[in-house]
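> Pasting a structure below so you can have a look.
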Amino acid sequence: MTINKLKETLYERFTAYWCGATVKWGNASGVKPNAPLVVLRTGTVTRPPQPITQMSNGIVFSAYPSIVPLQVDLFTRGRQSEQNYYENTAESDLLDFVNFLDSVSSIEWSAKHNISVALISGVQDLSEVINDSQWQYRAMCEFSVAFTGWSAEYHGILNEENIVFDESGVPIDVTCDNWEQTASGGGNQSLANEKTGFFDEVNPEINKED
C-alpha cells in the first residue's frame, strides 16, 4: 500500500463516522471550514532499511512493514446548554471516536485492508481562548498506523497497483498495463518492463565425467 492509498483508505473510514463534520487533511490547501472540523496529519513514515524479499514465479516481490503517526484534531462548537451557552464536548466526542476505532467493525475493517490503527496515548483537551473573548473547543489524539508497502521486479518501481495478489494476499504476478510515471516524473516504461532475469534466462550446463 502506498502512503497516498493509505490516506485515501483512512479518509473513507473516518468520514463514515464523522458524517456530520468536515474532515480534511491538514496539509491541504484551502480555507479552514467552520466547526465541527476534523483535521488529519501524518508524520514521518518509518520502515526497515531492507525489505522482506521473496520470489514467486520468477518475480521478485519486496514488502516493507511500515509505521506512520497520525494526528487527529477535533474542533467543535460543543453542545448548547439550557443556560444558552456552549458546553465543551471536544474531549468527550473524540473519545467516542476512539471507541469507534476499537470496535468489532473497525477490527474487521483493519483486517480487510491490512491496516492497524492504535492509539498512542490519551486524548488531550487543547481548548483555548481566541481573540481574547471566544473559546475554541479542540481535542487531539495520536495514532500509530501500521501498513505494508510493496514493490516488485528488477528496479522496484512496480507498486501495489501493479501487483496481482491471490485471495490470501500473497503476491503471485505483476502487470505493467496500468503502470504510470509518478506525478513528480519518476520512473519510465522501460524500467517498469525490465525483468529480473533470474532463473528463466539461465541455461545450466551439466558436465558428465567420463
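The values are calculated or read from the model by the stated rules, or taken from the named source; none is laboratory data. Predicted, not measured: the structure shown is a model, and the values here were computed from it. Every residue, glycine among them, receives a Cβ derived from its backbone with ideal geometry; neighbour counts consider all protein chains shown.
> For Leu40, are the conditions met, namely being at pLDDT 90 or above and under 24 Å from Ser184 (Cα atoms)?
yes
> Just one of the numbered conditions (1) surrounded by fewer than 18 Cβ atoms within 10 Å (Cβ to Cβ); (2) at pLDDT 85 or above; (3) among the hydrophobic types (A, V, I, L, M, F, W, C) is not true of Phe143; which one?
All conditions are met except number (1).
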